[in-house]
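For reference, the structure is listed below as structure tokens.
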Amino acid sequence: MRWLLTLICLSLIATDLHASPQPQRIDKVLVLKSERQLQLISHGQVIKQYRISLGKRPEGAKRQEGDLRTPEGIYWIDWRKRSEKYNLAMHISYPNAHDAAMARASGVNPGGMIMLHGTPIDDEFPEWFFHTLDWTDGCIALKNTDMRDVWRRVPDRTLIEIRP
């Protein structure tokens, strides 16, 4: 009788292990600037989407350091860090070769340190305040709960495409 009870318990455990959904591997992050939307994509399917904030001058691609624009193009999430100012932050590999060539041709510095990051925790300005406007210096910002989810789902070396 004991062996029957053990067998039933083991089969229930095995069934439960197979039933728990494994997180899908994210192979692309797509940013749609005009829609203020970030999408996580796995095998061509949108798995999840989030509302984002952009640079203070959201129209047009970033051309030089200090222009307050968010880049447009194809990049990589290449490293991450915990940020005192913006909680979690994932670095975007801006400038790519095209951005660097355009800046060189114009005689300007393309800038750098473009991040996908959370929102400051500030007693004077609550998180919802930041979430409803474009406020960064060119980065892409999410609510902190959303950023924690992206941090957990998106591995380093993931492609990120930023469209107008």
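The table below lists the values:
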quantity: Within the range 20-164: Cβ-based charge dipole about Cα centre, in debye rounded to nearest 20 (Lys, Arg +1; Asp, Glu -1); calculated: 420
quantity: Residues with amide H under 5 Å from that of GLU65, placed H, sequence gap 5 or more; calculated: ASN109, GLY111
quantity: Charge dipole (the range 106-164, unit charges on Cβ, about Cα centre) - positive-most of ASN144, PRO155, ASN109; calculated: PRO155
quantity: Residue order, fewest to most surrounding Cβ atoms within 10 angstrom, among SER93, SER42; calculated: SER42, SER93
quantity: Using alpha carbons only: equivalent-ellipsoid semi-axes of the range 23-163, gyration tensor based, whole Å; calculated: 22, 19, 13
quantity: Cut-off of 10 Å, at most 16 other beta carbons, DSSP loop: longest stretch of the chain lacking such GluC sites (Glu not before Pro); calculated: 1-58
quantity: Value of [θ]222 nm, deg cm²/dmol, for the chain, DSSP H segments ≥ 4, -39500 (n - 2.57) each, nearest 500; calculated: -8000 deg cm²/dmol
quantity: Rounded tilt (10° steps) of 97-106 against the dominant C-alpha axis of the chain; calculated: 10
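All of the numbers you see were taken from the coordinates with simple rules; none came from a lab. Just so we're clear, the structure is a prediction, and the values are computed from it rather than from any experiment. Neighbour counts run over all protein chains shown; Cβ positions are idealised from the backbone, glycine included.
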